[in-house]
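Beneath this line is the structure, given in structure tokens, with notes to follow.
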Amino acid sequence: MSETMEFDTVSPASQPEALAAIRQLLADCQLELDSKIDVFVVVYRQGSLIACAGLSGNIIKCVAIAPQWRGESLSLQLVNEVVQIAAERGHFHLFLYTKPENQRFFTGCGFYTLVEVPGHVVLMENTPVGIQHYCQRLRMLRQPSNKTGCIVMNANPFTLGHRYLAEQAAAACDWLHVFVVREDVSFFPYAQRYELVTQGLGGIPNLTVHHGSEYMISRATFPSYFLKDKGIVDSCHTAIDLLLFRDYIAPALGISHRFIGTEPFCPVTNKYNEDMKQWLQHAHCPAPAIEVVELSRHVRNGQPVSASRVRRLLSRQDFNAIQALVPPSTLQLLLSEYAAEPAPALERYG
Amino acid sequence: MTLRRSMLFLPGANAAMLSTAFVYKPDSIMFDLEDAVSLREKDSARLLVFHALQNPAYREIETVVRINPLHTPFGMQDLEAAVRAGVDVIRLPKTDSAADVQQLEAEVARIEKACGREAGSTRLMAAIESASGVINAVSIATASPRLIGIALAGFDYVMDMQTERGDGTELFYARCAVLHAARAAGIDAFDVVYPDVNDEAGFLKEVELIRRLGFNGKSLINPRQIELLHQAYAPSAEDVDYARRVIAAAEAAEKAGLGVIALNGKMIDAPIVNHARRTLQRAEASGIRH
Amino acid sequence: MKIIKPALAGTLESSDLQVKVAPSPDDTLEVVLSSEVIKQFGQQIRRVVDDTLARLEVKAGLIIIEDKGALDCAIRARVQAAVLRGAACEHIDWEKLS
């Protein structure tokens with residue numbers, strides 16, 4: 001009977017002592033404790049933990065119910081509670097990762113499948129019209145074009161490398177769509193990155209710069225992308241992200257080619273580029289294949305230009321070296337917002 | 001005489017229970033907007049109850065709404081919703097004095113007028129949940145002509161008394177005080193909720209006690225308890241037989257224009273006739289005790 | 001009534017429904033209804049929802065409904081609760097709600 005079950009919440013940050021039981025329950029269900037959970041909804045019966053569901057931003061994960069308590073009633077209450085808690089925290093649009101076999105249950109809880117990596121994982125969202133509405137808006141930005149290209153960039157910050165990639169791609173296509181990764185977890189905030197991309201790509205006539213979205217390299221579609229420093233790459237996540245692109249975003253804009261820079265330094269981006277060929281081009285899928293075009297890095301002074309190199313130089317405040325790697329708009333921002341000393345006159349860097 | 005043996009509590013936020021509870025046929029249904037509803041659901045529970053009250057399925061049953069106390073941010077809105085939706089009875093929780101009832105009465109009258117509802121058609125009941133409420137039971141019970149009864153609520157009362165629920169000894173004075181106040185005022189008296197829904201024997205023991213004390217009935221939290229309660233309140237075959245003869249004698253006396261009713265050579269007065277009517281009413285509602 | 005922020009009301013339990021409302025980016029009114037009983041009662045539910053929204057004078061917004069076989073009275077109540085929350089409405093006009 002439900003009257004003997006008690007619902008509560010656990011905040012990992014302030015109640016680390018409550019995590020041991022959660023970790024154990026997750027382990028019993030072959031799941032790992034995610035380090036990014038903001039709050040857990042927990043269910044106790046006679047003092048012991050029998051179910052939990054975690055919320056990380058607007059993503060539900062770490063959902064576990066002790067085997068003897070599985071059944072529609074408790075799982076439904078658990079989902080209900082986590083949805084309510086999310087709403088209280090201001091999250092109404094929710095994503096959920098689960099195993100394919102649980103898909104039917106969550107469908108009954110108002111979640112709709114976005115993509116499935118067969119046998120591995122399903123990404124769902126709690127609206128029947130979320131991605132549809134997004135694609136409708138994209139379709140309005142479609143351009144008449146026979147060969148339509150796309151670049152997704154984080155631009156953290158925008159460099160001459162990004163400019164070079166876009167120029168090459170735009171020259172190879174009738175129209176080019178450039179998306180800026182929207183998730184605000186990079187060194188440079190999204191508003192600045194978007195602004196730098198718009199300024200940095202000025203003068204290329206056949207392209208559109210788009211705001212990124214939660215459906216594209218976001219914490220929802222690709223959590224491990226933002227764990228770059230740890231060198232963690234989860235191929236299920238790249239598959240999710242890339243299938244979303246192939247199934248929904250590319251058809252909405254008529255994208256037939258996706259352009260990427262080769263990445264000699266960053267293992268995550270490198271792996272992502274490899275996976276891109278697999279999921280966009282080769283994998284069997286009802287949506288049309290997208291040709292992945294790899295362009296070699298722009299090289300300056302014998303070294304490939306990359307945003308990570310700019311950030312390293314910035315930490316040393318080496319604006320002379322940065323100047324060679326970025327367009328004037330990026331340099332100006334770095335000087336005005338990120339210089340440790342009062343900003344020197346821009347003219348010095350001509 | 002309205003039969004009020006069972007008053008079934010329904011949590012106001014539970015759509016499923018609100019949609020089906022009439023099938024259990026308690027004497028009264030009490031939609032709870034107070035303790036059974038969490039703070040975040042106060043607004044949506046109020047709307048659920050507002051619409052459930054207007055559902056034709058509840059027309060045949062006495063409806064009661066337990067509102068939040070009027071000094072909370074929710075109480076007045078609860079009252080607006082319930083009175084406008086046509087509730088039969090408002091249950092005021094945590095009644096400590098006659099002034100609480102009078103304040104409620106004034107607000108109810110105001111809302112009746114505002115929404116065009118017949119003046120006085122919303123009845124009241126007061127729940128007594130504290131030592132001072134018990135002490136003031138007499139003045140509470142006579143505070144408004146709209147009052148149909150007073151109820152003892154055990155959970156808060158025992159806390160106020162610095163004790164806990166036990167074999168009933170802890171409630172003895174409060175039960176007697178509330179009951180006497182109700183009877184002296186000519187209104188109904190309702191006993192506490194029995195908290196353990198799985199303890200049928202304990203429940204029946206408590207029902208037997210309060211029935212003998214003279215309570216009209218009891219608040220219930222589980223539909224399973226309704227039939228048990230009604231059965232316990234059903235009269236025996238002998239009671240029914242005697243009551244029939246009392247009523248027959250009364251009718252015969254009235255036909256003959258006699259001022260005095262006699263049965264088997266003994267004089268019968270009004271309380272006996274009233275008691276006989278109640279016995280037959282209970283028998284009609286739930287048969288004869290097995 | 002104008003929906004100015006996203007809001008949620010109701011549950012996914014049987015005989016209940018969950019209603020989500022959000023401001024509309026292009027000022028249109030869109031109602032998306034999913035129900036376990038859509039074949040038999042879809043039109044009826046839709047009528048109750050439309051009527052409830054019209055009485056509240058909701059002219060724009062995205063209204064997403066997951067119905068679990070709720071009665072009309074529960075549908076009205078949940079739609080109203082979600083709209084009132086999304087409109088940050090403090091003063092309730094009961095006449096419009098009955």
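Residues that are assigned to a helix (DSSP H, G or I) and over 16 Å from B:F190 (Cα atoms) within region B:136-177 comprise B:S139, B:V158, B:M159, B:D160, B:T169, B:E170, listed in sequence order. Residues of region B:178-202 that are more than 15 Å from the chain's Cα centre (by Cα) and assigned to a loop (DSSP other than H, G, I, E, B): B:P195, B:D196, B:V197, B:N198, B:D199. Only residues that are crowded, with 18+ Cβ neighbours inside 10 Å, more than 19 Å from A:V129 (Cβ to Cβ) and more than 17 Å from the chain's Cα centre (by Cα): list them for region A:85-97, please. Hit for region A:85-97 is A:I85, nothing else. Scanning region C:67-80 for residues that are under 10 Å from the mean Cα position of the chain (by Cα) and among the charged types (D, E, K, R), we see that the one that is nearest to the other protein chains (Cβ to nearest Cβ) is C:R76.
Out of curiosity, is B:K113 surrounded by fewer than 24 Cβ atoms within 10 Å (Cβ to Cβ), touching a residue at least 60 places away in the same chain (Cβ under 8 Å) and either more than 14 Å from chain C (Cβ to nearest Cβ) or out of contact with any helix residue (DSSP H, G or I) (no Cβ under 8 Å at 6 or more places or on another chain) (or both)?
For B:K113, the condition - surrounded by fewer than 24 Cβ atoms within 10 Å (Cβ to Cβ), touching a residue at least 60 places away in the same chain (Cβ under 8 Å) and either more than 14 Å from chain C (Cβ to nearest Cβ) or out of contact with any helix residue (DSSP H, G or I) (no Cβ under 8 Å at 6 or more places or on another chain) (or both) - is not met.
Of all residues in region C:32-57, those that are on the phi > 0 side of the Ramachandran plot have Cβ atoms under 6 Å from Cβ atoms of residues that are modelled with pLDDT under 95, 6 or more apart or on another chain, in C:E57/C:M1. Checked against the criterion of being within 12 Å of another protein chain (Cβ to nearest Cβ), over 27 Å from A:E183 (Cβ atoms) and not in a strand (DSSP E or B), region A:42-57 contains not a single residue that satisfies it. Within region B:64-77, being β-branched (V, I, T) and either crowded, with 21+ Cβ neighbours inside 10 Å or more than 20 Å from B:T95 (Cα to Cα) (or both) holds for B:V64, B:V65, B:I67.
To keep it simple, each residue is scored yes or no on (1) in a strand (DSSP E or B); (2) surrounded by fewer than 23 Cβ atoms within 10 Å (Cβ to Cβ).
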| position | (1), (2) |
| --- | --- |
| B:T2 | no, yes |
| B:S19 | no, yes |
| B:V37 | no, no |
| B:E41 | no, yes |
| B:E80 | no, yes |
| B:I90 | yes, no |
| B:Q103 | no, yes |
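Candidates in region B:116-133 are the residues that are assigned to a helix (DSSP H, G or I) and not aliphatic (A, V, I, L, M); of these, the one that is nearest to the other protein chains (Cβ to nearest Cβ) is B:G133. Among the residues of region A:62-120, what is the count of those that are within 14 Å of chain C (Cβ to nearest Cβ) and assigned to a helix (DSSP H, G or I)? Residues flagged as within 14 Å of chain C (Cβ to nearest Cβ) and assigned to a helix (DSSP H, G or I) within region A:62-120 amount to 21.
Has region A:129-143 got at least one residue that is crowded, with 18+ Cβ neighbours inside 10 Å, in contact with a His (Cβ under 9 Å, 6 or more places away or on another chain) and within 13 Å of chain C (Cβ to nearest Cβ)? Yes, there is a match, as at least one residue in region A:129-143 is crowded, with 18+ Cβ neighbours inside 10 Å, in contact with a His (Cβ under 9 Å, 6 or more places away or on another chain) and within 13 Å of chain C (Cβ to nearest Cβ).
The values are calculated or read from the model by the stated rules, or taken from the named source; none is laboratory data. None of these values were measured; they are calculated from a predicted model. All Cβ positions, even for glycine, are placed from backbone atoms using ideal geometry, and neighbour counts span all protein chains on display.
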